[in-house]
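A.B. asks: I'd like to ask you about the structure that follows.
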Amino acid sequence: MYIPKHFEVTNINAIHELILEYPLATLVTTSANGLNANHIPMHITATPEPYGTLRGHVARANPLLEDINVENQSLAIFHGPNAYITPSWYETKKEHGKVVPTWNYVVVHAYGNLQIVDKPEWLRTQIEALTDQNESQFSEPWAITDAPVEFTEKLFESIVGIEMKITKLVGKWKVSQNQPPQNRESVIEGLNKDKQLGASKMAELVKESHKII
């Protein structure tokens, strides 16, 4: 991934927070037929340092399991908010007109070697951690124990765990850092008035970009 220096984020805490907030990974592996991509929610833990570990689960019938080889590196991509930025928002458009559209976005690439983990207790712990993390936003969070035991046990039999100890972690926050202050302010104002999905969240990221390094 191409990352100009002013868009690079090396703050591991900020990267982990994004993965926790947007846990759906595009998991890219190498198969016998070339590249393969699956979309799998994954939960991150901080150990081992410095980058942590990603854990998830897939159906036993998923051909992804055939791709897992300790010698082959895999890539998990996590997408945060994104938004189209119109040059009409830039204050400098009024001064010289030398402005063009762009796209703001946040993305994380995590690299490592996938492993299959076929252990019932590990699988339950992984699912509980992922569920609890995402249910915490609701006033009445659902828990695995809310469902009948015989029902969940049957489902557990049809899935298997996957784990990636991260060996390389790359963050890119393209959130108008390359614009002068007056343009960043006008972009924030424009995004807060905009109707596109994720616009208000992107406005927050533009405002807080100086805090993320």
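A.B. asks: Which angle from 0 to 90°, rounded to the nearest 10, does the C-alpha axis of helix 120-135 make with the longest principal axis of the chain?
C.D. replies: On a 0 to 90 degree scale, this one is about 30.
A.B. asks: Nearest 20 debye, what's the magnitude of the dipole of region 126-206 about its Cα centre given +1 on Lys and Arg Cβ and -1 on Asp and Glu Cβ?
C.D. replies: Its charge dipole is roughly 820 debye.
A.B. asks: Turning to a different aspect of this structure: Could you state the angle between the C-alpha long axis of helix 181-193 and the longest principal axis of the C-alpha atoms of the chain, as a value from 0 to 90 degrees rounded to the nearest 10?
C.D. replies: Approximately 60 degrees, to the nearest ten.
A.B. asks: In addition: Between Rg and the Kirkwood Rh of region 164-213, both from Cα atoms, what is the Rg to Rh ratio?
C.D. replies: 1.11
A.B. asks: Averaging over every viewing direction, what projected area does the convex hull of the Cα atoms of region 1-117 cover, in nm²?
C.D. replies: The Cα convex hull of region 1-117, projected and averaged over all directions, gives 9.7 nm².
A.B. asks: Would you tally the net charge around D146, using a Cβ to Cβ cut-off of less than 11 Å, leaving D146 out, and scoring K and R as +1, D and E as -1?
C.D. replies: Combined, the nearby Lys, Arg, Asp and Glu give -2.
A.B. asks: Step by step: find N for region 30-87, compute 2.2 N^0.38 Å, then divide the Cα radius of gyration by it. What's the final number?
C.D. replies: On the way: Rg = 15.2 Å, N = 58, 2.2 N^0.38 = 10.3 Å.
It is 1.47.
A.B. asks: A follow-up question, please. In the chain, once you exclude exposed chymotrypsin sites (Phe, Trp or Tyr not before Pro) (DSSP loop, at most 11 other Cβ within 10 angstrom), what's the longest stretch remaining? Mind dumping the intermediate values first?
C.D. replies: Details: sites that count: Y2, F138.
It runs 3-137.
A.B. asks: Next up: Placing unit charges on C-beta atoms (Lys and Arg positive, Asp and Glu negative, everything else neutral), compute the dipole magnitude of the chain about its Cα centre in debye, rounded to 20.
C.D. replies: On the way: 19 positive and 25 negative charges, 228 e Å.
My answer is approximately 1100 debye.
A.B. asks: Let me ask something else about it. Which of the residue pairs K94/K172; K174/K207; K5/K207 have a Cα-Cα distance greater than 24 Å in the structure shown? Intermediate results must be reported in sequence, preceding the final value.
C.D. replies: Working: K94/K172 30 Å; K174/K207 12 Å; K5/K207 19 Å.
Those over the limit are K94/K172.
A.B. asks: Relative contact order of the chain: what whole-number percent is it, with Cα pairs under 8 angstrom and at least 6 residues apart?
C.D. replies: Dividing the mean separation by the residue count of the chain yields 27 percent.
A.B. asks: Okay, next question. Need one number for the chain: average projected area of the convex hull over its C-alpha atoms, nm². Mind showing how you got there, number by number?
C.D. replies: Details: hull surface 57.7 nm².
Result: 14.4 nm².
A.B. asks: Still on this structure, I have one more. Can you put I162, I116, I68 in order, fewest other beta carbons within 10 Å first?
C.D. replies: Taking fewest neighbouring Cβ atoms as first place, the list is I116, I68, I162.
A.B. asks: Among N72, Y90, P120, pick out the residue whose Cα is farthest towards the positive end of the charge dipole of the chain, where Lys and Arg carry +1 and Asp and Glu carry -1 on C-beta, about the Cα centre.
C.D. replies: Value computed over the given set: Y90.
A.B. asks: Still on this model: Residue by residue, what Karplus-based ³J(HN,Hα) values in Hz, rounded to whole numbers, does region 87-97 have, using 6.51, -1.76 and 1.60 with θ = phi - 60° and x for Gly and Pro?
C.D. replies: Listing the rounded values in order: x, 5, 6, 6, 4, 5, 4, 5, 7, 9, x Hz.
A.B. asks: From the residues N183, A32, A199, which one has its Cα farthest along the dipole of region 5-205 in the positive direction, the dipole being from +1 and -1 charges on Cβ of Lys/Arg and Asp/Glu about the Cα centre?
C.D. replies: N183
A.B. asks: Shifting gears a bit: Give a quick list of trypsin sites (Lys or Arg not before Pro) in region 138-206 that DSSP marks as loop, anything other than H, G, I, E or B, with at most 16 other Cβ atoms within 10 Å.
C.D. replies: Counting only loop positions with at most 16 other Cβ atoms within 10 Å, the trypsin sites (Lys or Arg not before Pro) in region 138-206 are K195.
A.B. asks: Could you tell me which residue out of M42, A14, W103 lies farthest along the dipole of the chain toward its positive end? Charges go on the beta carbon: Lys and Arg +1, Asp and Glu -1, centred on the Cα centre.
C.D. replies: W103
Since every read-out is calculated from the coordinates, none of them should be taken as a lab result. Only a predicted model underlies this, so the values are computations on that prediction, with no experimental measurement involved. Neighbour counts run over all protein chains shown; Cβ positions are idealised from the backbone, glycine included.
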